[in-house]
């Protein structure tokens, strides 16, 4: 019933938010003779901070309307490639210009279904678009899905990825950011076991929990210390009326956000104290920067209960994939079947969600991938978010990822035409060029 308590608290605060907005508009009015005085500016700033902390944030827009490519600006349309009950596959389609989309590596970015909307990857998508034909999984807020639509489990998640990969066809490059690393690896293994033509040319796993026993974090320990029944009884809650998903069991997004914020509570408190001072001083640039971050960070969505509980059990408690016990609809997932897909793993040195080593564990599970098709990189000085977004991502991580995808794409295209890949100077040399760290050796 905690979801109902949250909704009630939100409703109780509604008149207070209205009052603070009215007060702020009067304090900031140009005809107010005291508007520029310190007391008025301080009170207005306090109203602004209160409003930002208590309002509900809706789903942001991707707002990607153009891309720079080949020295020219090309318009981009956000097109729906496939619509499913719990996910929409979006294609950022170029209107015209060179290079044409068919000449670029086709990339499926699998956004995490973990509380935030796929728009959290806006920066990731923008940086990939100039050299790639980009698709992204835009997950639907479970709060908006009627209970009559049925459950959504980890098996369903994998089914969605399989359907998307088959739709995009051979030669697709899959980039899984954080949580979807496990289902993306499982889907690739299933396609490989069937020798399906849709198995991706490359699979990039970024900050994903492949084996959470390696360098475990606070999040990992919490999942292991509590039985699954505790999560079901204390975390899961039915969606309250009048939302479209009324009575659907979910992991509420506000609980996920609370968990994220308490992990770095001091940093968020300091950020809002700084916001107050920026508002008082009239530092509009700093205020806009703060608002841009928190409008994305505070926008959260509910997760389907079955999917959340399956993930806790299979990934964080039983470690089914690294133990070789992971199953999809009764069929064991065998990662050793992956041979034709290049494997790319990227981690952040200071990641406090998925500790370093958890993602690179994928290489141990895929011993039959050729040494020259393995890539691993640890980005110094960044945490979980910085490994897929921000200045370090744009300047250091994304160029390495793009180069690995380029090599895998060339190899796939040559193979499709019956040609052979030009041999690099050596496998070690090829990987050393991609990242300054030594390559991961095949087991």
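The values are calculated or read from the model by the stated rules, or taken from the named source; none is laboratory data. None of the values given here were measured: they were computed from a predicted structure. Glycine gets a Cβ as well: all are built from the backbone with ideal geometry, and neighbour counts include every protein chain shown.
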Matching residues, the range 63-97, being assigned to a strand (DSSP E or B), in contact with a strand residue (DSSP E or B) (Cβ under 8 Å, 6 or more places away or on another chain) and free of Cβ contacts under 8 Å to residues at least 40 places away in the same chain: 66, 73, 74, 75, 77, 78, 79, 80, 83, 93, 94
Odd one out for residue 250, checked against (1) touching a residue at least 60 places away in the same chain (Cβ under 8 Å); (2) in a helix (DSSP H, G or I); (3) touching a helix residue (DSSP H, G or I) at 6+ places or on another chain (Cβ under 6 Å): (2)
Any chance residue 259 is closer than 13 Å to residue 115 by Cα, crowded, with 17+ Cβ neighbours inside 10 Å and under 23 Å from the mean Cα position of the chain (by Cα): no
Test: residue in the range 147-155 that is buried (at least 22 other Cβ atoms within 10 Å of the Cβ), within 13 Å of the chain's Cα centre (by Cα) and under 20 Å from residue 315 (Cα atoms): no
Residue 272 vs. criteria over 21 Å from the mean Cα position of the chain (by Cα) and either part of a strand (DSSP E or B) or crowded, with 18+ Cβ neighbours inside 10 Å (or both): no
Among the residues listed as 346, 405, 410, the single one being assigned by TED's automatic domain parsing to the domain that holds residue 178, modelled with pLDDT of 90 or more and over 20 Å from residue 127 (Cβ atoms): 410
Residue within the range 198-218 that is without any contact (Cβ under 8 Å) to a residue 60 or more places away in the chain and over 22 Å from residue 346 (Cα atoms) present: yes
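Here's the yes/no breakdown for (1) outside any helix (DSSP H, G or I); (2) free of Cβ contacts under 8 Å to residues at least 60 places away in the same chain; (3) surrounded by 13 or more Cβ atoms within 10 Å (Cβ to Cβ):
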site: 22; (1), (2), (3): no, yes, no
site: 32; (1), (2), (3): yes, yes, yes
site: 36; (1), (2), (3): yes, yes, no
site: 42; (1), (2), (3): no, no, yes
site: 47; (1), (2), (3): no, yes, yes
site: 50; (1), (2), (3): no, yes, yes
site: 58; (1), (2), (3): yes, no, no
